[in-house]
């Protein structure tokens, strides 16, 4: 299971910014060489690292200076007692490159990330739920999804058929150490049924779920819209 998500920031100054911001919100973060480690309220570990190897993937927030914004994922760390059993699928089938020990790098044409194993502790709650990661997703071109599914199957894993998600298509399979992987298509995207300038203003549902709208809206926690910061800006 994945036990830590690693995020990129652009500078040591950003690590200090986040250490202070987390402390102000009651979250203790432990500084290390070039990183900052903390846990969220559900117990999942997060680590911020200084990394500028790829073009940043950052969103804008009025609460966060742009120079300190998170710049996307750097990778994940997973527990495994026998990581050697995953080496053939990762290296030969999926094209990961071992950098050192059980630390693997995976790169596409434009971006990369890492996938690494740590020895599992003797006592751990392995049940899926709050504080756990459901799956690790990788992007692929939509016209290459079926060939990736066939490649994974030939490599000894048991992938699902290509699953239609309306906004994208996906193939799921477990790598031999037990972590669920997803290969998801790039597109068609969330603007397929909404104006890009108004994304997120309403609950958007794929067509098969539209008959359940009333039921789903009753069970989901509403988010205020416009958000408070936008109202403050208008005032």
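The values are calculated or read from the model by the stated rules, or taken from the named source; none is laboratory data. Bear in mind the structure is a predicted one, so any value in this text is a computation, not a measurement. Every residue, glycine among them, receives a Cβ derived from its backbone with ideal geometry; neighbour counts consider all protein chains shown.
Quick look at the numbers
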quantity: Test for residue 132: is it assigned to a loop (DSSP other than H, G, I, E, B), surrounded by 11 or more Cβ atoms within 10 Å (Cβ to Cβ) and modelled with pLDDT of 95 or more; calculated: no
quantity: Residue within segment 159-167 that is more than 24 Å from residue 3 (Cβ to Cβ), at pLDDT 95 or above, out of contact with any helix residue (DSSP H, G or I) (no Cβ under 7 Å at 6 or more places or on another chain) and outside any strand (DSSP E or B) present; calculated: yes
quantity: Exclusive hit being more than 17 Å from the chain's Cα centre (by Cα), at pLDDT 95 or above and over 14 Å from residue 6 (Cα atoms), set 60, 68; calculated: 68
quantity: Meets criteria (surrounded by 16 or more Cβ atoms within 10 Å (Cβ to Cβ) and in contact with a helix residue (DSSP H, G or I) (Cβ under 9 Å, 6 or more places away or on another chain)) for residue 22; calculated: no
quantity: Test: residue in segment 143-155 that is part of a loop (DSSP other than H, G, I, E, B), farther than 30 Å from residue 41 by Cβ and outside the structural domain of residue 39 (by TED's automatic domain parsing); calculated: yes
quantity: Residue within segment 76-89 that is touching a strand residue (DSSP E or B) at 6+ places or on another chain (Cβ under 7 Å), farther than 21 Å from residue 134 by Cα and modelled with pLDDT under 95 present; calculated: no
quantity: Residues satisfying the stated conditions in segment 170-208, i.e. under 12 Å from residue 137 (Cα atoms), free of Cβ contacts under 8 Å to residues at least 40 places away in the same chain and either part of a loop (DSSP other than H, G, I, E, B) or in contact with a helix residue (DSSP H, G or I) (Cβ under 9 Å, 6 or more places away or on another chain) (or both); calculated: 170, 171, 173
quantity: Every pair of residues 6+ apart whose Cβ atoms lie under 6 Å, when the first sits in segment 15-33 and is more than 19 Å from residue 44 (Cα to Cα) while the second is in a helix (DSSP H, G or I); calculated: 17/68
